[in-house]
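Heads up, the thing below is written out as structure tokens.
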Amino acid sequence: IGRAVPERLVASMIDEFPILGVLAAFATGETIVTGAEELRVKETDRVKAVVDMLRVNGVNAEERADGFIVQGCGGPPPGGGFVETRHDHRIAMSALVMGTASQKPVSVDDVSMIDTSYPDFLSHLATLGAEASPAENLTLAQAPRLSGHDLTSFPPPARPRPDDEEPLHAGTAH
């Protein structure tokens, strides 16, 4: 169920708001974040980045000067969007996590910066059932690109972690 985040907690969870936005997309009702102006001066303007990430994936989200409002989908959001990460590792990881359970895969424009905070992120996603493979119809100018989709098979097949600039698509075998 969506909730208002108490402003007294905002400072202690400032880096968690991208993934909170994803969780809010799956919730029922409205999630409200206020008092989070600091999100505008992180690696990127995370308020705008979170709202854009959600909107491109079919989630009703509203940008506010000091935060955002998300109208939850009451289950898996539509997904299918292409997220501009703005070179922000938390936006990239949050979008890919959304893609693991959304109705359609979620793609991101860059995964290279994820290593700054969580070098094993992609391999851990694979352990949970996400698959990474070259995306179709993409050029290297669009790389690297990765998508996540719902976890329908477990355990996943073993796959090596990509270490080149080839575009990627991640999902699960159905």
**Item:** For peptides 15-26, 74-85, sequence by mean Cβ density within 10 Å, most packed first
**Value:** 15-26, 74-85
**Two-site label geometry, residue 63 and residue 87: point separation in nm, points 7 Å out along Cα→Cβ** = 1.9
**Asked** Extent of the stretch 1-100 along each principal axis, from alpha carbon coordinates, in Å, largest to smallest?
**Response** 32, 30, 19
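Just so you know, all these numbers are worked out from the coordinates, no wet-lab data involved. What you see is a predicted model; the values in this text were computed from it and never measured. For neighbour counting, all protein chains shown are included, and Cβ atoms are generated from backbone atoms with ideal geometry for every residue, glycine included.
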